[in-house]
Amino acid sequence: MILRSFILAASVAGALGAAQFPAFSQQYLQRLGGAVDALEQVILDFDASAASLGLSRDEALAQMTGSAFVQARRADMQQAFLRYEGLRADLDILEGQGPFMRAYHFAHLTDPEVAQGAWDAFEPALPLSADSAMFAGFGGIAGGMATALIAGLLRSRRRTKTLSA
C-alpha cells in the first residue's frame, strides 16, 4: 500500500513537472531570441567600425594588440562571435517549432545563461493546453514507471540478501 502511494506521488510529480516544459521552453526561446538580437547588435557595431577603417573583422581583431585591456577586449569580441554563432544556430533550429519538436531538439535548449534567465523569469503553473496535458501524461507515466522499477530492484536485492543469509 505504501509503495503504491509512493508510485502515485511520483507519477503526479512527474506529470506536474513535465507539464511545465511547453511554457518553460517557450520562455527559453524568447530569451534565446533576445540574446541573439543583443549579440547581433554588438557584432554589427564592431563590423561597422572595422569597415569604416577599411578593415575586415579578422583584420580589426588582429590589430587589437598592445595593452592588456585591448587584448582582453579582443578576447571578449572573439568569444562574442563564437557565442553568437552557437546561439543563432540554436535559434534557427528551435524557432517556429512546437513543444514536441522543442523537446526533440532539447540539446539546443541548454545554454546556461539563457536557461538561467528563463528559469529566473519562469513561474510554474498548471497549464491547461493539450500540449501540456500530453507532456503531463508522459511525465506521469515516466515518473510512475521509474519509481516502480527502482522499488522492484530494491525488493529484488532485499530478497537476494535474505536468501543468501
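The values are calculated or read from the model by the stated rules, or taken from the named source; none is laboratory data. Keep in mind that what you see is a predicted model, and the values were worked out from it rather than measured. Here the Cβ positions follow ideal geometry from the backbone for every residue, glycine too, while neighbour counts run over all protein chains shown. Note: accessible area is taken over every heavy atom of the protein model, side chains too, but ligands, DNA and RNA are not part of it. Shrake-Rupley method; radii C 1.70, N 1.55, O 1.52, S 1.80 Å.
Here the 3J(HN,Hα) profile of segment 76-90, calculated from phi with Karplus coefficients 6.51, -1.76 and 1.60 at θ = phi - 60°, is 4, 5, 4, 5, 4, 4, 5, 4, 4, 4, x, 5, 4, 5, 4 Hz, Gly and Pro shown as x. Sequence-ordered 3J(HN,Hα) estimates for segment 62-75 from the Karplus curve with 6.51, -1.76 and 1.60 and θ = phi - 60° stand at 5, 7, 7, 9, x, 8, 4, 5, 5, 5, 5, 5, 4, 4 Hz, glycine and proline given as x.
Remark: spin-label model distance Tyr104-Ala151 equals 3.5 nm, labels positioned 7 Å along the Cα→Cβ axis. A Cβ-based charge dipole, computed about the Cα centre of the chain with Lys and Arg at +1 and Asp and Glu at -1, lands at about 1620 debye. Taking all protein chains into account, the per residue accessible area for the chain stands at 65 Å² (1.4 Å probe).
Taking the convex hull of the alpha carbon positions in segment 1-77 and averaging its projected area over all directions gives 8.7 nm². Projecting label points 7 angstrom from Cα along Cα→Cβ for Gln71 and Ala89 puts them 2.9 nm apart.
Compared with the alpha-carbon gap, the fully stretched path from Arg158 to Ala133 is longer by 5.3 nm at 0.36 nm per residue. In order along segment 17-25, the phi-based Karplus estimate (6.51 cos²θ - 1.76 cosθ + 1.60, θ = phi - 60°) of 3J(HN,Hα) comes to x, 5, 5, 7, 4, x, 5, 5, 5 Hz; Gly and Pro are listed as x. Eigen-decomposition of the gyration tensor built on the alpha-carbon atoms of segment 40-165 gives equivalent ellipsoid semi-axes of 50, 22, 12 angstrom, largest listed first. Shown for segment 23-165: the carbon plus sulfur share of the solvent-accessible area, taken with all protein chains present and a 1.4 angstrom probe, equals 61%.
When the charge dipole of segment 2-159 is built from unit charges on Cβ atoms (+1 for Lys and Arg, -1 for Asp and Glu) and taken about the Cα centre, the candidate among Met64, Gln97, Phe21 whose Cα reaches farthest toward its positive end is Phe21. Per-residue ellipticity at 222 nm, computed for the chain from helices alone with -39500 (n - 2.57) per DSSP H run of at least four residues, works out to -27500 deg cm²/dmol.
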